[in-house]
Amino acid sequence: MTKSSPAVFFNPFLPGFTDDPYPHYAQLRELAPVHAHPLGYWVLTRYDDVSTLLRSSHSVEERRLGPGTLREINQTTHSDGARRMRGLSMLDQDPPDHTRLRRLVSKAFTPRSIEALEPRVGVLVDEALDRMADAGEADLVAALAFPLPFAVISEMLGMPALDHVRLRELTATVVRSSEPVVDPQLLTENATANEELTAIMQDVLAWKRRTPSDDLLTALIRAEHDGDVLSDDELVAQVLLLYIAGHETTVNLISGGTVALLRKPEQLRLLRANTDLMTNAIEELLRYDCPVQMSRRITLTPLNLGGHEIPAGTFVTASLASANRDASFWGPDADELRLDRANARQHLSFGAGAHHCLGAALARLEARVIFTRLLARFPRLTLGAVSWNGRINLRGPATVTISVR
Ligand code: HEM
């Protein structure tokens, strides 16, 4: 333990934590809102502190870390190629590289291209709902929450027909290794998965250059700003980020949001009776059960928060999930689901500041189409067994049994 470690600290190994982390976060907000973890990093749990960090210019780049850190581990487990790719995604870059990468990708990922997807998303959702109606009962994750965002981002990018089962395995491995706690075996699996995904994406991009089309991959290949374009390695890194972030996060919003809604019948009734509430309801569902639970930065200068000075060069984990339940910001009903909450949109589930989620509009669109059609189609929707995926960061249900009859 470091000298300043508190008696209570962030401990994702507590029994039941991954099923319901919120009681632990409440305890941290009360007893150790800003603390040095025994493993050397710092943890923030209050809304104001988390928001301050995200909006600051502290670093996201791993390369500035010293020996024994994640960066170091990556260097020993990734081949040169995969390592080069990984650090090049905009999520891992500070300005000026972050600014130019984000600008180039935003050029292709426009609000107009997102809005244009609505009819197609509607068709895909209706097909899934038809199958659920025939079966009478379904696992919402397998039937809709996972395949829908996966199909949408694949079509949007203009991916060729590939082995989807293998791709899902690979992206799931990569996602598991972004958890705060990983074992050495997983790091090795991650290195192999990264290699394979990178090679697949390089082939896809070579094919797309030969057969351009009206899709996001083609737009990214052509994206240009003041003579600046994405290099080949940068292109692969941004495409992998969009591809993985495009489905491994939204799945938790759809499935976790459904669980939250079906567990609160009075809120469900309110939404059924006021469909105009849908846009706000989605913000509240994002707040209530945060699909990406944490974010991290590395301090570039000393940072004063909550009466503590966090030294420069420190790894800081900010709990978005905890910030979203902080009563000092949201009021005494912070732990309740209130679909008409006036300031729900101030949640931090999409982050904040320079790295605010670039796919937020797409996730919101998918959620709106799904929840609107799910509720309209099945007036007697009921919840059965729910199991959780055991993840600390990209936490959500693994299975959600629902009956639609
Ligand atoms: C960044 C959450 C869906 C693409 C982020 C960040 C969060 C987040 C918290 C910021 C991370 C940080 O500051 O360290 C979510 C949630 C989603 C979602 C909760 C669904 C409910 C999507 C989708 C896409 C996407 C559908 C794309 C197709 C991105 C990208 C970034 C990002 C490219 C990096 C932005 C940057 O570094 O400037 N997301 N995301 N996300 N997200 Fe999302």
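Nothing in this text is a laboratory measurement; each read-out follows from the coordinates by a stated rule. Quantities reported herein were computed from a predicted structural model and do not represent experimental measurements. All Cβ positions, even for glycine, are placed from backbone atoms using ideal geometry, and neighbour counts span all protein chains on display.
Assorted remarks:
- Using only side-chain charges placed at the Cβ, +1 for Lys and Arg and -1 for Asp and Glu, the dipole size of segment 310-382 relative to its Cα centre rounds to 440 debye.
- Here the extension length gained between Thr279 and His164 equals 38.2 nm, from 0.36 nm per residue of separation less the Cα-Cα distance.
- Across the options Thr258, Leu268, Ser177, the greatest Cα extent toward the positive end of the charge dipole of the chain (unit charges at beta carbon of Lys, Arg, Asp, Glu) belongs to Leu268.
- In a fully extended conformation the segment linking Arg377 and Asp233 would gain 47.4 nm over its present Cα-Cα distance, using 0.36 nm per residue.
- Result for the chain in a Gaussian network model with C-alpha springs under 10 Å: among Ile298, Ile114, Ile392, the largest mean-square fluctuation is at Ile114.
- If the convex hull is drawn through the Cα atoms of segment 175-333, its volume per residue in Å³: 218 Å³
- Near Arg377: Cβ cut-off under 11 Å, other residues only, Lys/Arg at +1 and Asp/Glu at -1. The net charge is 0.
- Restriction of the trypsin sites (Lys or Arg not before Pro) in segment 212-270 to DSSP coil positions whose beta-carbon has at most 11 other beta-carbons within 10 angstrom yields no sites.
- With the simple model of a label 7 Å out from the Cα in the direction of the Cβ, Lys107 to Arg55 spans 3.0 nm.
- Among Thr314, Thr171, Thr110: highest mean-square fluctuation, GNM of the chain, C-alpha pairs under 10 Å: Thr110
- Taking a ≥ b ≥ c as the square roots of the eigenvalues of the Cα gyration tensor, segment 1-50 is oblate, since a/c reaches 1.5 or more and a/b is not larger than b/c.
- Tensor-based shape of the chain (alpha-carbon gyration tensor, a/c under 1.5 rounded, otherwise prolate or oblate): oblate
- Anisotropy class of segment 191-280 from Cα gyration tensor, a/c 1.5 cut: prolate
- When each of Val60, Val369, Val50 is scored by the number of other beta-carbon atoms lying within 10 Å, the sequence from fewest to most is Val60, Val369, Val50.
- Among the trypsin sites (Lys or Arg not before Pro) within segment 275-309, not one is in coil by DSSP while having at most 11 neighbouring Cβ atoms inside 10 Å.
- Placing +1 on the Cβ of every Lys and Arg and -1 on the Cβ of every Asp and Glu, with nothing else charged, gives segment 233-336 a dipole about its Cα centre of roughly 200 debye.
- For the chain, averaging the sequence separation of C-alpha pairs within contact (under 8 Å, six or more residues apart) and dividing by the residue count gives a relative contact order of 26 percent.
- Extended-chain gain in nm, criterion 0.36 nm per residue less alpha-carbon gap, Arg120 and His356: 82.4 nm
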